[in-house]
């Protein structure tokens, strides 16, 4: 699972959960898969991403080094920042671990890099 | 020719046999046309044709002189009888027709037997007289492609079953009882038949591909062919691809039992000519009459092919769900589990992108975030530097396949999407919600999808359509089926005759009989042949609700803040 995927995931579909975002992330196994950097793509991507959630997730798996707490004013010109963002969103992958709903504590396993977001019928509306 | 038919020798001087280049079905020349081209030049003894593979034919005349006249007139020309333009015949004299052209894999379906000359000429005439009497009487039925008469029990074409409650058609004609005695004495049948269907086929008529309903009849199906030879095509239900053409000569008896009866479809193509599978000789059909004898089954079918059996072996599953719990169970068995199982083969067959989807994606603003609900093997999640793509699918195996291609995916249920509200600018869901088995669930699925979109976002949702004809033109789906099997439509079935709520097993590439059905997925047999020992394991049934025109629009209309852009 790339952190880009994590950035969109939410457990709001669970019964009684109002936001379910961002999901807490624990990695027991991760890897880095090199992927060609494209500054334009990262620039297009950032407005769709919740940066705070992205940084928190990166931090929780020890990959936040060099990521500022907030996106600076001139971020589009800052290639170093764009490269770091590229790495953390597209290259780092959690292969084994779990996600956790911040409200209900429900855990979702990540196996072979796939987060399993299925829930039992009694857990959903 | 030297490669395909090495035993055929070209002659320097004229002979009575012509090689006709560019005259095969491959070149767009019909068998009718071929005969019409050469007939004017004198008596023809034989025509040798090839349904596939070879672009030529052979024509044998009575005399060298006639062959030479045909050669002189037709060599290097486009014969006027051939409809396809630009076809030019190239002729040569040859000394002999090929000895045998039978392909090596023409092994008969297990349990099928054709007994030649089962009745004498004299008996054939008596049987045809019976038919003539029927034609004058009142016990007459007529289907789109043939005339039928029933004896013993009436056969119901709506449900493909027998009417056990009457009214009963007349008992068997006496001559048939004598024939049945002969079959029983020769131990060709275990059960004495009590139902007879006489079919009268005019040239050009056929019968759609079918398996005789398991529950309606006992094991042996016995059919007498009269008046004309015909070629019957058999196709194995469970492993796709294996098909066998079998010539049924006039006065022969065909016995289908065991695997050939339960696990093979059979059909007769609608055409005027056949090609003898053993000799490749062209056979012109004349009127053909068949007497099919069957024994009505009184006890539940216990065949060895439960997955192919119309009897519901698992009592509550193959019915439309009556509650949400049942719906979940049905979708688990007939959707989720199947995709999990067939994921690898599904991936091999799903690579080209539909043009409509590609256009939708191409028209999205650069920088759009896209969600693909039911992304399958991720064929629309390929890298596109203009778009940020995320997908989800119910199947873990399909997610793994998509993920291995680099896609961002999560395993999720379309009824409970695990993404933040309004996070996406656009969404696609291709061929997904027709797998949901109640209208409520289909509605929830669309609602969930729209919850993922920002205000003003757009979604593209596609489903299978019930109507497979537009402006009287058959869809590609039906055409593909026609090309594959050169079949006629499955004609007489009437969905209203099926028991309510029962899910029919759909015959692929034919018109849909009802909106809710089970569609087989045939997984290709592994090349090592390991699966052949257990043929049913390669067929999987998927639940589909095929949408009638306007139905998807009606669903969308029920969702607040949803505006239909186009359909």
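What follows draws every value from the coordinates through simple rules; no lab data is involved. Keep in mind that what you see is a predicted model, and the values were worked out from it rather than measured. Please note: Cβ atoms are built from the backbone with ideal geometry, for glycine as well, and neighbour counts cover all protein chains shown.
Which three numbers, in whole Å and largest first, are the semi-axes of the equivalent ellipsoid of region B:158-297 derived from its Cα gyration tensor as √(5λ)? Can you show the working numbers first?
Values: eigenvalues 121, 68, 46 Å².
Three semi-axes, in Å: 25, 18, 15.
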(message) Based only on other Cβ atoms within 10 Å, what is the fewest-to-most ordering of B:333, B:292?
(response) B:333, B:292
(message) Need one number: nm distance between label points at residue B:178 and residue A:107, each 7 Å from Cα along Cα→Cβ, rounded to one decimal.
(response) 8.3 nm
(request) Provide the three semi-axes, in whole Å and in decreasing order, of the ellipsoid equivalent to region B:26-66 as defined by the square roots of 5 times the Cα gyration tensor eigenvalues. (result) 20, 11, 7
(request) Using only the Cα atoms of the protein assembly as shown, each taken as one equal point scatterer with no solvent, compute I(q) by the Debye sum, divide by I(0), and report log10 of the ratio at q = 0.05, 0.09 Å⁻¹. (result) -0.36, -0.91
(request) Convert 20 °C to kelvin, take the viscosity as 1.002 mPa s, use the Kirkwood radius over C-alpha pairs of region B:17-93 as Rh, and evaluate the Stokes-Einstein diffusion coefficient in µm²/s, rounded to a whole number. (result) 178 µm²/s
(request) Report, in degrees rounded to the nearest 10, the 0 to 90 angle that the Cα long axis of helix A:51-60 makes with the longest principal axis of chain A. (result) 80 degrees
(request) Give the value in nm², to one decimal: projected area of the alpha carbon convex hull of chain A, averaged over all directions. (result) 7.8 nm²
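What percent does the relative contact order of region B:313-432 come to when contacts are Cα pairs within less than 8 Å and at least six residues apart? Present the calculation step by step, with values, prior to reporting the outcome.
Details: 162 pairs, mean separation 29.4, N = 120.
With pairs under 8 Å counted, the relative contact order is 25 percent.
Sorted from fewest to most neighbouring beta carbons within 10 Å, what does the list A:80, A:40 look like?
Numbers: A:80 8, A:40 12.
Ascending Cβ contact count within 10 Å gives the list A:80, A:40.
Please rank B:521, B:264, B:354, fewest neighbouring Cβ atoms within 10 Å first, as an exposure proxy. Walk me through the numbers on the way to the answer.
Numbers: B:521 18, B:264 25, B:354 14.
Ascending number of Cβ neighbours within 10 Å: B:354, B:521, B:264.
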(message) Explain nothing, just the number: relative contact order of chain A, from Cα pairs under 8 Å at least 6 residues apart, as a whole percent.
(response) 38 percent
(message) Cut-off 20 Å, label point 7 angstrom out along Cα-to-Cβ of residue B:355: give me the residues of region B:362-381 whose amide nitrogen falls inside.
(response) B:362-364, B:380
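Can you tell me the FRET efficiency between residue B:107 and residue A:36 if r is taken as the Cβ-Cβ distance and R0 is 41 Å, rounded to the nearest 0.05? Walk me through the intermediate numbers first.
Working: r = 53 Å, r/R0 = 1.29.
The pair residue B:107/residue A:36 has a calculated efficiency of 0.20.
Rounded if a/c is under 1.5, else prolate if a/b is larger than b/c, else oblate: which is region A:1-41, with a ≥ b ≥ c the root eigenvalues of its Cα gyration tensor?
Numbers: a/c = 4.56, a/b = 1.83, b/c = 2.49.
Verdict is oblate for region A:1-41.
State, as an integer percentage, the relative contact order of region B:17-93 based on alpha-carbon contacts under 8 Å between residues 6 or more apart.
Working: 146 pairs, mean separation 32.2, N = 77.
In percent, rounded to a whole number, it is 42.
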